[in-house]
Amino acid sequence: MDKITSSISHSSESVRFNKKRSRGGDGNHRPNKKLGVNKLDPVNTVSYVQILGNGMDTQDTSPSVLLFFDKQRFIFNVGEGFQRFCIEHKIKLSKIDHIFLSRVCSETAGGLPGVLLTQSSIGDVGKVKVWGPADLDFFIVAMKYFIPNAATGHFFPFGRRHESYGDAISVSRKFDEPHVLIDDGVVKISAIVLQPSQLDTALNETKSANLSVIYICELQGIKRKFDPKKAASLGLKPGPKYDLLQRGKSVMSDCKDIMVHPMDVLGPSVPAPIVLIMDCPTLLHLQELLSVQSLNRYYADTAGNEPQISKNVNCIIHLSPRHITNTSDYQILMSKFGAAQHIMAGNEMKNIEMPILKASARMQARLNYLCPQLFPAPGFWSLKCMPSGLKASNEDLTSRINETIPAENLLKFHLRPYTNLGLDKSGIPKLTSPSTIIDELLSDIPKILDESQNLNQLWLGNGEKIFVQANGVMTEELSLHDSALPGCLEDVSRDDLEIVFLGTGSSQPSKYRNVSSIFINLFSKGSLLLDCGEGTLGQLKRRFGIEGADEAVRCLRCIWISHIHADHHTGLARILALRTNLLKGIPHDPLIVIGPVQLKGYLDAYQRLEDLDMLFLDCEYTKEASLKAFNSNEDGYTNSLEGQHSDFMMSDGRGRMQSCSKRQRIPVQYADAVPILKSLKKVLVEAGLETLISVPVEHCEPAFGVVLKAANRINRVGKTIPGWKLVYSGDTRPCTELKHASCGATVLIHEATFEDSLSKEAEEKKHSTIKEAVEAGNSSGVYRLILTHFSQRYPKIPKCDGKIQMHNMCIAFDNMSVNLADLPVLPKVVPSLELLFGDERITEDVIDA
């Protein structure tokens, strides 16, 4: 991607993991880099706008737009997954100078916290300047709960002015005239803020729709060039008269009795290219947009426009959603811009078959070939199955308005040099078919064919003994219905439990692994999320498809968050906001979110931007002792807890103090927790769960693991079958509390951030090595151990010590789906994964910031 791209650095210095990063520092205390001043040349520069198609295949977030100059980079919108997109396409975050938000909400700004954390980890705090409508103030306040350095960054809210962060908001003036944000001699970037009238509440618009922005990017025009030869032919001698002519004044010839005019000696001028980026999310915003008078100067052939004022727009990128752009009013507006090139980027349906993260999609295709039972094919829609109305609407729009095309990933529109002005599709990725990927796989690893067939036999045993060939040796394997199975797997069905790993990497997203999130699918009984890192919604879309993921979000019963580090919760707002929107007008209960107390401060602050429709419960209330007290005496629960512990005061993050227990660190607002605990109890019963218990673990303060225990069930002959038990460690060092909680677990999902040779680093950063995770599982007598949360050092498969006993273990991958009925065969898949990735253990990618 021209000069914005570079190869990914392999230096370990660029890999930052621990809690200090989540607090905005990197532990080396390196001084922040000084901001350099680039010498800008308005004429001799390469410039273009480019679609960065983050989220275009999953429809979960707004795509980004890059405005590129030789020495400057401007990004418009940074939705979730932006960092991962940058890794895939080798975009250096350190090259970004400015970020502009067209709206301040999870759809357009969900990736901003991750970008800021990455900047801070390399000492670039404040290097990037962030611009957005005045609601950006609220986002800054929310981010302070887990990114303290966000307060010291360069943020520039514009439009409305907030006198306070209370409910009262004053408006200094309405910005009808474009508000000039940048004017550096190369480009002028202005903003028109759309603020619909709050008197019209018929459409019940959400908070995130309050303010949106139209950005106007105007490059410097190239002045007409002076021609000395023409001047000499007209009798002019070099001197002051040359300067007067270039400034537009006429002069007398030195050698001839004639008047020389500027047009006689100046060549043609090159008009300034103009790009508009339009985000009009609702009909109320469209009404506001149609009334903006300051856009008149950009319309073609508008009556009353003076020629010297009228400006020709070259390209308009429409981020507005399809249901807005398809209205007659919007299309009339588009037609007013004459011959401008319209690029429709509002979640165009044609992009859903083209994976934006091609490396990850390629890996998923290979895993699917090896073992489709654990690695289902991605759930993208097929264009053949697309509702005809959606497809036709885009075709109709293209036919009605000239120069209109759908956005595609990496599509460019060149602005400079002027000879290249126009579209450039040469960088758009080509679709690689799954069959091509599999042909390459079979060519690279011929043995994989037999390995895939052997794995398929494990699911076809039907209770008989199975013989599997591994490394040329036939070995007898246990039957799926062997007597050694735990009781909970007796007569198990495939609609009981499925564990879907949405993110299996640590700290920052990588090319092949997203950050932490686990989807607990209880099928007809609903679902839960354990952690919800950035990009969780996109991963749900990749696993279940566009509609399937929406249904999964609708059916969520509870979200549990282990700790406040950003890689475990920054996808939460997007999930909650989408659920609120999907269930609008449908009777439903707020979603219960369980997490550390700091998370409540962030969510409360964030709800000034978007309705999240949730009830928050501190993890402290779901610890075993607290739940026992509640279950034994619900009515007397408040008094019993208040009488058990002495209290101290702690800040709630807003300057207020609240009382907390010294021993248990339980906030004293017990009365507020009781109704939520009752709601949680009801939710668990409806989900077929006996209990959800949070377990303190050794990481940051506070941090938790979680235990889920299913209720007993009755099989078809009336026998009582014990419920399964699932334990998730969160981030932790090996610790006694988790060991006790894991005893007899059906499944233990344990973090294994580092290889065994990095035990000191694991100790320092309070993570576990692979060996420590395996030992934790063995000492607790768990039936199956699944390792996750791998360092970016291991992009595909972690480096395991050959001496480790792996008889009950498996390695998690993104979008790996483990059904309860498949647990018996799970460890038998590991040798096949070793064969698939055995030569790819080295660090392939890190975020090159």
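Condition check ((1) surrounded by fewer than 18 Cβ atoms within 10 Å (Cβ to Cβ); (2) at pLDDT below 95; (3) farther than 28 Å from Ser360 by Cα) across all residues:
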site: Ser11; (1), (2), (3): yes, yes, no
site: Asp57; (1), (2), (3): no, yes, no
site: Phe68; (1), (2), (3): no, no, no
site: Cys86; (1), (2), (3): no, yes, no
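Criterion first (touching a Ser or Thr at 6+ places or on another chain (Cβ under 8 Å), surrounded by 13 or more Cβ atoms within 10 Å (Cβ to Cβ) and modelled with pLDDT under 90) does Leu397 satisfy it? In short, yes. Put simply, of Asp635, Asp652, Asp672 the only residue that is at pLDDT 70 or above and acidic (Asp, Glu) is Asp672. If I filter the range 428-439 for residues that are outside any helix (DSSP H, G or I), modelled with pLDDT of 85 or more and under 30 Å from Leu333 (Cα atoms), do I get at least one hit? Taking every residue of the range 428-439 in turn, at least one turns out to be outside any helix (DSSP H, G or I), modelled with pLDDT of 85 or more and under 30 Å from Leu333 (Cα atoms).
Of note, Lys600 satisfies the criterion of being part of a helix (DSSP H, G or I) and over 20 Å from the mean Cα position of the chain (by Cα).
Residue-by-condition table, conditions (1) outside the structural domain of Asn815 (by TED's automatic domain parsing); (2) within 24 Å of Asn347 (Cβ to Cβ); (3) crowded, with 24+ Cβ neighbours inside 10 Å:
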| site | (1), (2), (3) |
| --- | --- |
| Pro509 | no, yes, yes |
| Arg513 | no, no, yes |
| Ser524 | no, no, no |
| Gly533 | no, yes, yes |
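Table: residues versus (1) touching a strand residue (DSSP E or B) at 6+ places or on another chain (Cβ under 8 Å); (2) surrounded by 23 or more Cβ atoms within 10 Å (Cβ to Cβ); (3) touching a residue at least 12 places away in the same chain (Cβ under 8 Å).
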{"residue": "Glu761", "(1), (2), (3)": "yes, no, no"}
{"residue": "Ala773", "(1), (2), (3)": "yes, yes, yes"}
{"residue": "Gly781", "(1), (2), (3)": "no, no, yes"}
{"residue": "Leu785", "(1), (2), (3)": "yes, yes, yes"}
{"residue": "Ser791", "(1), (2), (3)": "yes, yes, yes"}
{"residue": "His807", "(1), (2), (3)": "no, no, yes"}
{"residue": "Ala821", "(1), (2), (3)": "no, no, yes"}
{"residue": "Lys828", "(1), (2), (3)": "yes, no, yes"}
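When the helices (runs of 4 or more DSSP H) confined to the range 253-361 are screened for residues that are buried (at least 19 other Cβ atoms within 10 Å of the Cβ) and at pLDDT 90 or above, those reaching at least 1 such residues are found at 283-290, 322-325, 328-335. Residue selection: Ala552 fails the criterion of being touching an Asp or Glu at 6+ places or on another chain (Cβ under 8 Å) and of a type in the set (A, V, I, L, M, F, W, C). Any residue at all in the range 753-763 that is under 27 Å from the mean Cα position of the chain (by Cα), in a helix (DSSP H, G or I) and modelled with pLDDT under 95? Within the range 753-763 (the criterion being under 27 Å from the mean Cα position of the chain (by Cα), in a helix (DSSP H, G or I) and modelled with pLDDT under 95), the answer is yes, since at least one residue qualifies.
Contact map, the range 211-229: first residue free of Cβ contacts under 8 Å to residues at least 40 places away in the same chain, second residue assigned to a loop (DSSP other than H, G, I, E, B), Cβ cut-off under 8 Å, separation 6 or more or different chains; pairs are Pro228/Pro238.
A quick yes/no check of all residues on (1) touching a helix residue (DSSP H, G or I) at 6+ places or on another chain (Cβ under 7 Å); (2) modelled with pLDDT of 75 or more; (3) β-branched (Val, Ile, Thr); (4) assigned to a strand (DSSP E or B):
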site	(1), (2), (3), (4)
Asn778	no, yes, no, no
Val782	no, yes, yes, no
Leu787	yes, yes, no, yes
Arg793	no, yes, no, no
Cys810	yes, yes, no, yes
Asp822	no, yes, no, no
Pro831	no, yes, no, no
Arg841	no, no, no, no
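The set of residues from the range 115-136 being surrounded by fewer than 20 Cβ atoms within 10 Å (Cβ to Cβ) and either at pLDDT 80 or above or assigned to a helix (DSSP H, G or I) (or both) comprises just one member, Lys129. The residues on offer are Val685, Val707, Val727, and the sole one that is in the same structural domain as Ala625 (by TED's automatic domain parsing), modelled with pLDDT of 95 or more and not in a strand (DSSP E or B) is Val685.
The values are calculated or read from the model by the stated rules, or taken from the named source; none is laboratory data. Given the structure is predicted, the values throughout are model-derived calculations rather than measurements. Counting neighbours? That spans all protein chains shown, and the Cβs are built from the backbone with ideal geometry, glycine included.
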